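Report on the following structure.
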Amino acid sequence: MGDKKLPVHVGIIMDGNGRWAQNLGKPRSFGHQEGLKTAKKIALAALNEGVKYLSLYVFSTENWKRTEEEVSFLMHLIKNHLKTEYDFYMEKGIRVLHSGDLARLPKEIQKEITDVTEATASFDKLAVNLAINYGGRDEIIRAVNRWVKNRSNTENLEENNFYKYLDLPDMPDPDLIIRTAGDLRLSNFLLWESAYSEFYFSRKTWPEWTEEDFSNAIQDYMMRERKFGALYDRKKDE
């Protein structure tokens, strides 16, 4: 049996919004709208399960390659979500975090992100990390540049101090990463942080996901043996 411990940090690659909508004969924008509703629903599920950190892959550095129309719609959707769900975060005591290159986002979205992260900074029930304009490789490069720029002593860059230069150095590494819609890859999500994460893949698209699906992923994780490169001691479960 596994260690039976609840994951502290869950990351989700919310994939399949556009495909789901197109299969219904609707525009991709409809899928993105429904995907945001699912994100809110799963955030509540994470809160109820007792998860402390939830990272949602909202918009990647690669997503800029999509059509101008789709990118524009996604930016509009993100901006509106941050505004309309402000009261939701406040009411539920959810802290909002952001990972990604904030400086390269439109100014109005930068402001919305800054406002909500500052307003919810004292909340501790659940931290929802919105990965917007985020890429794992980009984060690593930016971390190295921070080290180069802010280096005030002769500290060498090593594995045990590199984390301090990441976007969210105080956030624990993800215990579990979920990906929906059938693809079996990380797609540049939390590359440094996911070195020993467990993975859960679902064929269901993101708009189809329910609280039960999230609970099933948590239960699956809790049955696993996490060794972190060492031999697993079964006696501790006896």
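The values are calculated or read from the model by the stated rules, or taken from the named source; none is laboratory data. None of these values were measured; they are calculated from a predicted model. Counting neighbours? That spans all protein chains shown, and the Cβs are built from the backbone with ideal geometry, glycine included. Only protein heavy atoms, including side chains, enter the accessible area calculation; ligands, DNA and RNA are left aside. Shrake-Rupley method; radii C 1.70, N 1.55, O 1.52, S 1.80 Å.
Remarks
- If you check 36, 77 for being assigned to a helix (DSSP H, G or I), aliphatic (A, V, I, L, M) and within 27 Å of residue 199 (Cα to Cα), only one passes: 36.
- Residue count for segment 104-123, restricted to those that are of a type outside the set (S, T, N, Q) and open to solvent by 80 Å² or more (accessible area, probe 1.4 Å): 5.
- Taken over segment 170-192, residues that are without any contact (Cβ under 8 Å) to a residue 60 or more places away in the chain and under 22 Å from residue 230 (Cα atoms) amount to 2.
- Test for residue 174: is it buried (at least 21 other Cβ atoms within 10 Å of the Cβ) and not in a strand (DSSP E or B): yes
- Residue in segment 68-87 that is touching a strand residue (DSSP E or B) at 6+ places or on another chain (Cβ under 8 Å), touching a residue at least 24 places away in the same chain (Cβ under 8 Å) and open to solvent by 60 Å² or more (accessible area, probe 1.4 Å) present: no
- The set of residues in segment 8-29 being of a type in the set (A, V, I, L, M) and either over 23 Å from residue 214 (Cβ atoms) or in contact (Cβ under 8 Å) with a residue 60 or more places away in the chain (or both) consists of 8, 10, 12, 13, 14, 21.
- For the criterion of being touching a residue at least 40 places away in the same chain (Cβ under 8 Å), over 21 Å from residue 52 (Cα atoms), among the acidic types (Asp, Glu) and not in a strand (DSSP E or B), residue 167 fails.
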